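Undergrad: Pasting a structure below so you can have a look.
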Amino acid sequence: MGYTLDDVTRIVLEAKERAHQETGNEPEPEFTSTVEWPIECTVGPGLEGAIACETKIGYVNGKKGWLIYRGYDIFDLCAYSTFEETSFLLLHGRLPSETELDLFCRTLRRRMFIPKTQRSLLSFAVEERNPMDALRLGTNLMRQKQIRPGALNAGITGETVASDEDSIPMETKPTGWKKPVYEFLERLFRPVQDVEPSADAMPDDVESFYNLIAGVAAVSATIGRARQGRMPLEPLPDLGFAGNYLYMLTGRRPSPLEERVMDICLILHADHGMNASTFASMVVASTLSDIYLAIGAGISALSGPLHGGANVEVVNMLEEIGSPEAVPKWYKMAVAEKRKVMGFGHRVYKAYDPRARILAPLAEMLADESPELVSIYATARALETEVVSALGEEKKIFPNVDFYSGIVYRSMGIPADMYTTIFAVARVSGWCARVAEYLEHNRIFRPRAIYTGTFDEQYKPADER
Ligand code: CMC
């Protein structure tokens with residue numbers, strides 16, 4: 001009880017220690033050497049094993065359970081970094097200087113103020129839509145002018161900035177009014193003149209990426225508020241990205257502990273190799289389509305229960321199970337029905353997912369702080385023991401990132417149906433970084449399918465069939 005920020009760092013470093021004791025430290029040679037195209041590789045269904053490109057952004061070692069962003073171990077980033085700094089690292093390939101980081105944080109904060117997008121979004125019945133569908137819609141609405149990703153390298157993206165400006169009444173109290181008063185209010189804070197990055201400090205061609213990182217968070221928060229019958233909140237000048245996101249989503253100023261834990265969650269979800277949603281974004285961008293549409297494709301792919309949608313399913317499943325004592329019976333039934341257990345297994349990890357290594361003890365810490373989480377956390381732990389003893393050795397099935405994240409979000413009072421949007425808020429950084437990297441040597445994605453249909457069918461008019 002009474003955990004501090006130092007306890008959070010200690011928990012992350014203890015998880016790192018355990019991971020390093022259990023895993024060796026050699027990279028997988030077949031996935032870390034430069035290639036001469038074309039290459040030969042063995043491809044399974046679902047493009048398993050297919051190599052689509054080279055990258056310097058991130059590395060997942062599935063056999064050992066490592067996750068690395070731009071050479072930095074995920075455990076170190078979670079212990080010492082912030083989401084803003086990690087996003088800068090993913091996008092720019094290096095850690096920012098103090099001045100750059102300060103500027104970047106203020107830029108993101110300023111761009112979380114998107115009244116035009118919010119106004120357009122709220123003209124739809126957002127509260128009745130699936131939150132991921134609403135998030136995709138809001139992301140498309142953020143785009144005010146046509147921007148082709150292929151134009152990124154041509155340096156003409158300066159004119160692509162979303163044209164949000166002060167034009168919608170914002171609530172000035174976090175509790176909000178059920179029926180907002182429609183009058184134009186002064187913004188709570190005015191950005192100081194220097195918040196916009198100078199041309200020297202920030203390259204022009206990432207304008208849209210900054211808009212997307214900040215804007216998707218604001219859109220997610222707007223959806224969360226709309227589902228509570230509330231109007232959007234604007235970001236506060238003294239909160240960082242994670243803190244502001246939590247504030248704008250829940251309407252409650254987060255505690256420093258909550259802000260720190262959310263920051264870690266965002267870092268953990270920021271990038272993860274050639275996963276389905278990243279690939280979806282890259283495929284759309286490779287056609288030189290619009291970057292907002294490319295990120296919308298990522299959001300669409302992420303929404304499925306086999307990908308980011310699993311975090312919602314996990315919480316529903318744990319509630320269905322009900323208690324740790326009910327786990328063995330429930331699991332027997334799940335096996336009999338050939339059900340996949342949500343939050344377990346991974347295409348790449350055949351070892352314990354390092355993200356779950358961090359989230360599990362954080363969930364434990366938060367459960368220790370909140371009596372209403374004790375039972376759901378204990379149920380999760382019991383289910384982990386059951387599944388890992390049945391499938392760990394034989395099928396290399398362990399908890400993945402989605403297994404404990406929902407418990408963490410629940411401790412912050414976030415409704416379950418918003419969990420997948422949090423995943424998207426973080427992953428926008430990885431999607432943008434990977435799209436930008438791929439476009440440097442773009443080639444449109446175009447695999448082939450093996451045709452197993454018939455030939456020589458004779459066409460008959462409809463009335464003869
Ligand atoms: N529960 C029970 N058995 C499983 C599970 C599971 N969660 N996952 C895989 N298996 C078994 C599967 O039945 C199969 O067994 P067999 O060889 O006897 O047919 C074997 O393991 C391989 O499974 P697969 O479905 O072929 O593996 P995949 O690489 O195609 O799928 C996966 C990976 C993540 C979609 C899958 O493990 C799954 O459906 N997990 C549950 C959903 C989930 O938690 N998704 C979040 C993934 S991590 C976050 C993210 O990237 O979004």
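Each value in this text was obtained by applying a stated rule to the coordinates, not by laboratory testing. What you see is a predicted model, and the numbers here were worked out from it, not measured in a lab. Neighbour counts run over all protein chains shown; Cβ positions are idealised from the backbone, glycine included.
Undergrad: Using Cα-Cα distances under 8 Å and only pairs 6 or more residues apart, what relative contact order does segment 315-465 have, in percent?
TA: For segment 315-465, the relative contact order is 28 percent.
Undergrad: All other residues with a Cβ under 12 Å from the Cβ of residue 41 taken together, and with Lys, Arg as +1 and Asp, Glu as -1, what is their net charge?
TA: Counting the neighbours of residue 41, the net charge comes to -3.
Undergrad: If I take every Cα pair under 8 Å that is 6 or more residues apart in segment 248-381, average their sequence separation and divide by the length, what percent do I get for the relative contact order?
TA: Numbers: 75 pairs, mean separation 28.7, N = 134.
Once divided by the residue count of segment 248-381, the mean separation gives 21 percent.
Undergrad: How much length is gained on full extension from residue 462 to residue 326, taking 0.36 nm per residue of separation minus their Cα-Cα distance?
TA: My answer for the length gained is 43.2 nm.
Undergrad: Using a/c under 1.5 as the rounded threshold, could you call segment 237-337 rounded, prolate or oblate? The axes a ≥ b ≥ c are square roots of the C-alpha gyration tensor eigenvalues, and prolate needs a/b larger than b/c, oblate otherwise.
TA: oblate
Undergrad: In bins 5 Å wide, starting from 0, what share of all Cα pairs of segment 334-465 does each bin hold, as a percent?
TA: Calculated P(r), rounded to whole percents: 2, 8, 12, 14, 13, 11, 10, 7, 6, 6, 4, 3, 2, 1, 0.
Undergrad: Work out how far the C-alpha atoms of segment 366-426 reach from end to end along every principal axis, then list the three figures in whole Å, largest first.
TA: Principal-axis extents of segment 366-426 (Cα, largest first): 37, 29, 15 Å.
Undergrad: Let me ask something additional. Using the Cα centre of the chain as origin and beta-carbon charges of +1 (Lys, Arg) and -1 (Asp, Glu), tell me which of 413, 87, 256 is placed farthest towards the positive end of the dipole.
TA: Positive-most Cα among the choices belongs to 413.
Undergrad: Also, I was wondering about something else. Neighbour counts of other C-beta atoms within 10 Å: give me 410, 381 arranged from fewest to most.
TA: Taking fewest neighbouring Cβ atoms as first place, the list is 381, 410.
Undergrad: Given q = 0.14 Å⁻¹, what are the Debye log10 I(q)/I(0) values for segment 1-132, with equal point scatterers placed on the Cα positions and solvent ignored?
TA: After summing over all Cα pairs, the log10 values are -0.97.
Undergrad: Under 1.5 on a/c is rounded, so check that first for segment 393-465, then, if it is not, pick prolate when a/b is larger than b/c and oblate when it is not; a ≥ b ≥ c are the square roots of the alpha carbon gyration tensor eigenvalues.
TA: prolate
Undergrad: Select from the chain the helices, each a whole stretch of DSSP H, whose alpha-carbon atoms run 27 Å or more along the helix axis and whose Kyte-Doolittle mean is at least -0.5; answer none if there are none.
TA: Length and hydropathy pass: 207-227, 419-439.
Undergrad: What full-extension length gain, to one decimal in nm, is calculated for residue 339 and residue 5 as 0.36 nm per residue of separation minus the Cα-Cα distance?
TA: Extending this stretch completely gives an extra 116.3 nm.
Undergrad: Additional query: Once you've got the Cα coordinates, tell me which of 16/332; 16/329; 16/56; 329/396; 332/396; 63/340 are over 30 Å apart.
TA: 16/332; 16/329
Undergrad: Assuming 0.36 nm per residue, please report the length gained on full extension of the stretch residue 119 to residue 47 beyond their Cα-Cα distance.
TA: 21.9 nm
Undergrad: Pop out the Kirkwood hydrodynamic radius of segment 305-381 from its pairwise C-alpha distances, inverse of mean 1/r, in Å to one decimal. Intermediate values should be presented prior to the final figure.
TA: Details: mean 1/r = 0.0739 Å⁻¹.
After inverting the mean inverse Cα-Cα distance, the result is 13.5 Å.
Undergrad: Where does segment 18-96 land on Rg/Rh, using Cα atoms and the Kirkwood Rh?
TA: Numbers: Rg = 14.7 Å, Rh = 14.5 Å.
Here the Rg-to-Rh quotient is 1.01.
Undergrad: If you don't mind, another one. Give me 333, 274 sorted ascending by neighbouring Cβ count inside 10 Å, so fewest comes first. Please list the in-between numbers first.
TA: On the way: 333 11, 274 18.
Fewest-to-most ranking of 333, 274: 333, 274.
Undergrad: Also: I need 441, 269 ordered by Cβ neighbour count within 10 Å, fewest first.
TA: The most exposed by this proxy come first: 441, 269.
Undergrad: Which value, to two decimals, describes the C-alpha radius of gyration of segment 1-45 once divided by 2.2 N^0.38 Å?
TA: On the way: Rg = 19.2 Å, N = 45, 2.2 N^0.38 = 9.3 Å.
Taking N as the residue count of segment 1-45, the ratio is 2.06.
Undergrad: Now a separate question. What fraction, in whole percent, of alpha-carbon pairs in the chain exceed 39 Å separation?
TA: Numbers: 23971 of 107880 pairs.
Distances greater than 39 Å cover 22 percent of the Cα pairs.
Undergrad: Treating only the Cβ of Lys, Arg, Asp and Glu as charged (+1, +1, -1, -1), what charge dipole size does the chain show about its Cα centre? Round to the nearest 20 debye.
TA: 980
Undergrad: What relative contact order, as a whole-number percentage, does the chain give when Cα pairs under 8 Å and 6 or more residues apart are counted?
TA: 21
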